[in-house]
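S.K.: Quick one: this structure, given as structure tokens, is what I'll be asking you about.
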């Protein structure tokens, strides 16, 4: 299969960003969707399956916790119940505490607005990673998840691809380098391609896309 054909197949089958699945319209570049995306990055960083983390993030929105202030008004028991109900059972109590520390830092350091983190980083992706990792529960994986998705609207971080996507790209015969991979597809579709590569890895679907 030619690289162009492979990319078309990946996009057709798996080309949906995780922000889109979450229902967070990050293209608006407003505080609430960005907050929801970072919550997803936190939840996905825990040792749980990706679909469970997604359900937990969606459950947060269903509970009305779509901004840092709204989350701050929740109780620990409410958070445990929401996470547990989403299937996030093994780490629900820990996460219910951790996410409030995370939320407090967001409110105190950035006034609840992640666009201030963007301004602070000033186009330096390493600075952005360091700032993201100051959030309780966000490590290298969580920071990479957030940057992988947010590059669609924070263009100074394009092209960005995390380890999960590049490992899959390499196995499929695509460049295992973000800049080289980006040359094979239009800028607007690059975040979808990176997400597709991650989804292939998560679903163990790689054999269908190999020659």
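Bear in mind these aren't lab numbers, they're just calculated from the coordinates by the rules spelled out. The model shown is predicted, which means the values in this text are computed figures rather than measured ones. Positions of Cβ are generated from backbone atoms using ideal geometry, with glycine treated the same way; all protein chains shown enter the neighbour counts.
S.K.: After finding the eigenvalues of the alpha carbon gyration tensor for the stretch 128-187, what semi-axes result from the square roots of 5 times each, listed largest first in whole Å?
M.R.: For the stretch 128-187, the semi-axes come out at 22, 14, 7 Å.
S.K.: Give me the base-10 log of I(q)/I(0) for the stretch 78-117 at each q in 0.26, 0.29, 0.31, 0.35 Å⁻¹, Debye formula, one uniform scatterer per Cα, rounded to two decimals.
M.R.: -0.75, -0.82, -0.87, -1.02
S.K.: Ranked from highest to lowest mean number of other Cβ atoms within 10 Å per residue, what is the order of the peptides 177-186, 13-22?
M.R.: Put in order of decreasing packing, that is 13-22, 177-186.
S.K.: How many angstrom separate the Cα center of the stretch 168-211 from the Cα center of the stretch 27-67?
M.R.: Taking the Cα centre of each part, the stretch 168-211 and the stretch 27-67 sit 23 Å apart.
S.K.: Limiting things to C-alpha atoms, what are the Rg and the maximum Cα-Cα separation (Dmax) for the stretch 60-133, in angstroms?
M.R.: Here Rg and the maximum Cα pair distance are 14.0, 39 Å.
S.K.: If contacts are Cα pairs under 8 angstrom and at least 6 residues apart, what is the relative contact order of the stretch 40-108 in percent?
M.R.: This gives 33 percent for the stretch 40-108.
S.K.: Moving on. At residue 61 and residue 49, where each label point lies 7 Å from the Cα along Cα→Cβ, what is the point-to-point distance in nanometres?
M.R.: 2.1 nm
S.K.: Dividing the convex hull volume of the alpha carbon atoms of the chain by its residue count, what do you get in Å³ per residue?
M.R.: Cα convex hull per residue, to the nearest whole number: 105 Å³.
S.K.: Calculate, in nm to one decimal, what residue 8 and residue 210 gain on full extension: separation in residues at 0.36 nm each, minus their alpha carbon distance.
M.R.: Answer, rounded to one decimal: 71.4 nm.
S.K.: Taking the Cα atoms only, what angle lies between the long axis of helix 92-110 and the longest principal axis of the chain, rounded to 10 degrees?
M.R.: With rounding to tens, the tilt is 90 degrees.
S.K.: Calculate how steeply helix 31-45 sits against the longest principal axis of the alpha-carbon atoms of the chain, using the helix alpha-carbon long axis, and give the answer as 0 to 90 degrees to the nearest 10.
M.R.: The angle comes out near 80 degrees.
S.K.: What does the C-alpha gyration tensor say about the overall shape of the stretch 90-211? Classify as rounded when a/c is under 1.5, otherwise prolate if a/b is larger than b/c, or oblate.
M.R.: Since a/c reaches 1.5 but b/c is at least a/b, the shape of the stretch 90-211 is classed as oblate.
S.K.: To the nearest 500 deg cm²/dmol, what mean residue ellipticity at 222 nm is calculated for the chain from DSSP H runs of n ≥ 4 alone, each contributing -39,500 (n - 2.57), summed and divided by the residues?
M.R.: Calculated mean residue ellipticity at 222 nm is -18500 deg cm²/dmol.
S.K.: Now for a separate question. Using only Cα atoms, tell me the angle between helix 140-150 and the longest principal axis of the chain; keep it within 0 to 90° and round to the nearest 10.
M.R.: The angle comes out near 70 degrees.
S.K.: Follow-up. Starting from one equal scatterer on each C-alpha and no solvent at all, send me the Debye-based log10 I(q)/I(0) for the stretch 97-139 at q = 0.19, 0.24 Å⁻¹, two decimals.
M.R.: -0.52, -0.79
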